[in-house]
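Have a look at the structure below before the remarks.
The values are calculated or read from the model by the stated rules, or taken from the named source; none is laboratory data. What you are looking at is a predicted structure, and each value in this text was computed from that prediction instead of being measured. We place every Cβ from the backbone using ideal geometry, glycine too, and count neighbours over all the protein chains shown.
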Amino acid sequence: MKVAFIVWRFPVLSEAFILNQITGLIDRGHEVYIHPVNGLPKGYTGKLHPVVEEYRLMERVCFPPHVPNNLIWRFFKGIGLFIRNIHQGSLKTWRFFIPGRYGKEVATLKTFYRIVGLLKDGSYDIIHCQFGTLAPIALAYREVGIISGKLITTFRGIDISKYVEENGSDVYEQLFQEGEFFLANCKFFGDRAINLGCNPDKLIIHGSGLDCNKFTFKPRYFPADGKVQVATTGRLVEKKGIEYAIRAVAKVAELYPNIEYQVIGDGDLKEDLEQLITELNIGHIVKLLGWKQQKEIVEILESTHIFIAPSVTAADGNQDAPVNTLKEAMAMGLPVISTRHGGIPELVTDGVSGFLVPERDAEAIAHKLTYLIEHPELWEKMGKAGRGRVAEKYDMNKLNDELVEIYQQMLKPQSPQQDLQHLPKELTAI
């Protein structure tokens, strides 16, 4: 099969779940091409996820020409691209600028940049939009003949939460009518898509997987030196709720000053969190480590005893699915503390593989963290339960086999659901 992955930007370090699908398809002998509609990530430094180099994925990327910041230069360069590609079909884009017909991500000068790679080769078996927000773009391009193939859309979080709040409950009306098939990475978001009008017979829950072989299970025991290591991995943005974990650790440190808390990740709230750490006078306890490669993250988690994933619903409505960093920690045998948020309860069973607390409740996090410190006999049991859950429901190899099967059924004359009856309706998330 020839598959196009439509993404916003590439390569994005925090989107390993997309890389896992790409490499899984390549390993299974399929052609994969990556189309980042907005090119490289903002502030790109050249730092790559190891599998990007291992699989030489940059050679499979169809980057659009650079879009100038200067609007005048952007206009003239865009018109130049339009004229230069007339022989390849750029005239098809005139329909995008019919008033009221297409949204702002289609009726834009950026279109002249984004379609360059697709005009050279836009014929695919499968067009896979990795976020629902990308699907209207692909749908419009397909409608005018710039790209061809069966359209499958994965809802991953921001696209079915914040985006819907901002654009209205009918934002996906056309997509639900014309898109061939849909995936949601958890039941929480799948149910939301159905409530917005998605045909339940055209949607399957298909979680984001990880390679469990890269996350070795290790039983956790109370350290001989009494220094309990706690960690969080995630972007420093509101949705990750790291502020509340920091406040919780500050409370726990009053009773257990030997606790140490490491936060792996970077983001817009870094300065705010640094200031909070200073205000709470816990700079000797809490360390913001910045971005780390997966190998470095694994090394840190190997010496960690407890993992916290304090996700919250952001002010703009953004929510999380079962967090991949949480899956990684559970796969390594860490007892976890997380929140009753989005799709996380589909991953963490409260009292079995860890604890769930209300969102934005630093007191509740502190209470559960204290409880785990005082009851280290629970750590190994919880760790085993977490590893079992991840291995059963989120194994990358199993999920990639299922993804290929979904693609293959989509290419048959009958509807994919008719031939996917033998697969569980909720493949991986619950």
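Structural remarks
- The residue that is nearest to G241 (Cα to Cα), among those in the stretch 295-317 that are touching a Pro at 6+ places or on another chain (Cβ under 9 Å) and surrounded by 19 or more Cβ atoms within 10 Å (Cβ to Cβ), is F307.
- Unique residue being touching a strand residue (DSSP E or B) at 6+ places or on another chain (Cβ under 6 Å), farther than 21 Å from F217 by Cβ and β-branched (V, I, T) when the list is I277, I259, I282, I308: I277
- Going through (1) in contact (Cβ under 8 Å) with a residue 60 or more places away in the chain; (2) out of contact with any Cys (no Cβ under 9 Å at 6 or more places or on another chain) one by one, A4 falls short only on (2).
Results for (1) of a type in the set (S, T, Y); (2) in a loop (DSSP other than H, G, I, E, B); (3) within 22 Å of the chain's Cα centre (by Cα), shown as yes or no for each residue.
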site	(1), (2), (3)
K295	no, no, yes
F307	no, no, yes
V312	no, yes, yes
P322	no, yes, yes
S338	yes, no, yes
E359	no, yes, yes
A385	no, no, no
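- Restricting attention to the stretch 355-398, the residues that are in contact with a Ser or Thr (Cβ under 7 Å, 6 or more places away or on another chain) and among the hydrophobic types (A, V, I, L, M, F, W, C) total 4.
- Qualifying residues in the stretch 244-256 (those that are out of contact with any strand residue (DSSP E or B) (no Cβ under 9 Å at 6 or more places or on another chain) and in contact (Cβ under 8 Å) with a residue 60 or more places away in the chain) - the one nearest to Y44 (Cα to Cα): R247
- Scanning the stretch 9-30 for residues that are among the aromatic types (F, W, Y) and within 12 Å of the chain's Cα centre (by Cα) gives a single hit, F17.
- For the stretch 104-125, taking the residues that are among the hydrophobic types (A, V, I, L, M, F, W, C) and in a helix (DSSP H, G or I), the one that is nearest to L25 (Cα to Cα) is identified as L118.
- L289 vs. criteria more than 24 Å from P345 (Cβ to Cβ), in the same structural domain as G388 (by TED's automatic domain parsing) and not in a helix (DSSP H, G or I): yes
- Residues (without any contact (Cβ under 8 Å) to a residue 12 or more places away in the chain and either surrounded by 17 or more Cβ atoms within 10 Å (Cβ to Cβ) or part of a helix (DSSP H, G or I) (or both)) located in the stretch 206-225: N213
- V37 being over 30 Å from K292 (Cβ atoms), surrounded by 15 or more Cβ atoms within 10 Å (Cβ to Cβ) and not small (G, A, S): no
- Exclusive hit being surrounded by 18 or more Cβ atoms within 10 Å (Cβ to Cβ) and either without any contact (Cβ under 8 Å) to a residue 24 or more places away in the chain or touching a Leu at 6+ places or on another chain (Cβ under 6 Å) (or both), set V228, V263: V263
- Enumeration of residues in the stretch 172-189 that are farther than 19 Å from Y407 by Cβ and under 21 Å from the mean Cα position of the chain (by Cα): Y172, C186, K187, F188, F189
- Contact annotation: residue pairs with Cβ atoms under 6 Å, 6 or more positions apart or on different chains, pairing a residue in the stretch 395-408 that is closer than 24 Å to T216 by Cα with a partner that is assigned to a helix (DSSP H, G or I), are D395/C212; M396/N20; N400/G24.
- Every residue from the stretch 103-119 that is within 15 Å of P36 (Cα to Cα) and out of contact with any Phe, Trp or Tyr (no Cβ under 8 Å at 6 or more places or on another chain): E105, K110, Y113, R114, V116, L119
- Number of the condition not met by P99 [criteria: (1) under 26 Å from the mean Cα position of the chain (by Cα); (2) assigned to a loop (DSSP other than H, G, I, E, B); (3) not polar (S, T, N, Q)]: (1)
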